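J.: I have a structure here, written as structure tokens, and I will follow up with some questions on it.
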């Protein structure tokens, strides 16, 4: 039995360090974790216009791309873990496909291991032409809610299809979905069920990326004068414990006693940009055995704190 988790953050310094520690602990001390747990990928993106899902403020010139992108991807690839680029901006036009920074990032990432999560048919076509061997994942941003459309999506050439979170715990429908091995379940959704603003939120993020991924924005960030107008939604602040009260919540018990026996074995944990204590809590909840959660949590928090520095002077 394989229980494959897909984790957020390979660019974030603190959460990235925590992810690397978790990957190492699962390999070295599997007794501390539920049977079959493995980290199948980490997903994130650089500050570039193709990014979607969460705002990535900033800018990279070509020199920065060539220096930093191999470093960020390489530290996970060296552990045998693919990095997934969240290329889900819904507002892209053909003009945006020519962006030199985005294309260079894809050129570097295309090493036979890394993957791309897509929303836009235009961008998907572009990636398939330029990088025919790169694995493509169909994003949950598509909000596919009807079974015939989902069945059609699963027949396409995607390595995985991330299901709309509104399918969570709808076991009658989940039982009918074909190709369960190609499905990925988002287990810790922060959103409310049937959110009417979800598509608007994705467009808000996409618009920000298109308008702010430039040198002027980077200068503001470096000067401490940048202002990111966050999407206003009370659910965005729901922490690891509040999420467990949501009807969308998939518990670890449900994963191992219901979803895996049904044939589902890919599970996504969202949390790009989350504070690292909150993400650590979600990691131990889903993957660590109860008797080992304290020691796993301690090691994860130490890794994130070490990335920040000890705070001591002299």
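J.: Would you mind finding the one in 210, 150 that is surrounded by fewer than 21 Cβ atoms within 10 Å (Cβ to Cβ) and over 17 Å from residue 249 (Cβ atoms)?
T.: 210
J.: Yes or no: residue 263 surrounded by fewer than 21 Cβ atoms within 10 Å (Cβ to Cβ), in contact (Cβ under 8 Å) with a residue 40 or more places away in the chain, within 23 Å of the chain's Cα centre (by Cα) and farther than 20 Å from residue 52 by Cβ? So that I can check it myself, show each step before the final result.
T.: Working: surrounded by fewer than 21 Cβ atoms within 10 Å (Cβ to Cβ): yes; in contact (Cβ under 8 Å) with a residue 40 or more places away in the chain: yes; within 23 Å of the chain's Cα centre (by Cα): yes; farther than 20 Å from residue 52 by Cβ: yes.
Against the criterion (surrounded by fewer than 21 Cβ atoms within 10 Å (Cβ to Cβ), in contact (Cβ under 8 Å) with a residue 40 or more places away in the chain, within 23 Å of the chain's Cα centre (by Cα) and farther than 20 Å from residue 52 by Cβ), residue 263 qualifies.
J.: Then there's this: Which condition breaks for residue 71 when tested against (1) outside any loop (DSSP other than H, G, I, E, B); (2) out of contact with any helix residue (DSSP H, G or I) (no Cβ under 6 Å at 6 or more places or on another chain); (3) surrounded by 19 or more Cβ atoms within 10 Å (Cβ to Cβ)?
T.: With respect to (1) outside any loop (DSSP other than H, G, I, E, B); (2) out of contact with any helix residue (DSSP H, G or I) (no Cβ under 6 Å at 6 or more places or on another chain); (3) surrounded by 19 or more Cβ atoms within 10 Å (Cβ to Cβ), residue 71 is out only on (3).
J.: I would also like to ask the following. Of the residues that sit in segment 272-301 and are surrounded by fewer than 15 Cβ atoms within 10 Å (Cβ to Cβ) and free of Cβ contacts under 8 Å to residues at least 12 places away in the same chain, which one is farthest from residue 191 (Cα to Cα)?
T.: Restricting to residues being surrounded by fewer than 15 Cβ atoms within 10 Å (Cβ to Cβ) and free of Cβ contacts under 8 Å to residues at least 12 places away in the same chain, the top hit is 291.
J.: Determine, yes or no, whether residue 175 is surrounded by 13 or more Cβ atoms within 10 Å (Cβ to Cβ) and either at pLDDT 95 or above or on the phi > 0 side of the Ramachandran plot (or both).
T.: It is false that residue 175 is surrounded by 13 or more Cβ atoms within 10 Å (Cβ to Cβ) and either at pLDDT 95 or above or on the phi > 0 side of the Ramachandran plot (or both).
J.: Looking only at segment 181-196, which residues are exposed (fewer than 15 other Cβ atoms within 10 Å of the Cβ), in contact (Cβ under 8 Å) with a residue 12 or more places away in the chain and out of contact with any strand residue (DSSP E or B) (no Cβ under 9 Å at 6 or more places or on another chain)?
T.: We begin by selecting, within segment 181-196, every residue exposed (fewer than 15 other Cβ atoms within 10 Å of the Cβ); these are 181, 193-194, 196.
Adding the requirement that they be in contact (Cβ under 8 Å) with a residue 12 or more places away in the chain leaves 181, 193-194.
Those that are exposed (fewer than 15 other Cβ atoms within 10 Å of the Cβ), in contact (Cβ under 8 Å) with a residue 12 or more places away in the chain and out of contact with any strand residue (DSSP E or B) (no Cβ under 9 Å at 6 or more places or on another chain): 193, 194.
J.: Right, another one. Among the listed residues 97, 79, which satisfies the condition of being modelled with pLDDT of 95 or more and either part of a loop (DSSP other than H, G, I, E, B) or touching a strand residue (DSSP E or B) at 6+ places or on another chain (Cβ under 8 Å) (or both)?
T.: Residue meeting the stated conditions: 79.
J.: Go through (1) part of a helix (DSSP H, G or I); (2) closer than 20 Å to residue 149 by Cα; (3) free of Cβ contacts under 8 Å to residues at least 60 places away in the same chain one by one and return the number of the condition residue 200 breaks.
T.: (2)
J.: Go through (1) in a helix (DSSP H, G or I); (2) over 24 Å from residue 283 (Cβ atoms); (3) touching a helix residue (DSSP H, G or I) at 6+ places or on another chain (Cβ under 8 Å) and name the single condition residue 136 misses.
T.: Residue 136 satisfies every listed condition except (1).
J.: In the list 138, 159, which residue meets the criterion of being at pLDDT 95 or above, in contact with a strand residue (DSSP E or B) (Cβ under 8 Å, 6 or more places away or on another chain) and surrounded by 19 or more Cβ atoms within 10 Å (Cβ to Cβ)? It would help to see each step written out before you state the result.
T.: On the way: 159 fails: surrounded by 19 or more Cβ atoms within 10 Å (Cβ to Cβ).
Just a single option satisfies the conditions, and that option is 138.
The values are calculated or read from the model by the stated rules, or taken from the named source; none is laboratory data. This is a predicted model, so every value here is computed, not measured. Cβ sites come from the backbone with ideal geometry, for glycine too, and all protein chains shown count toward neighbours.
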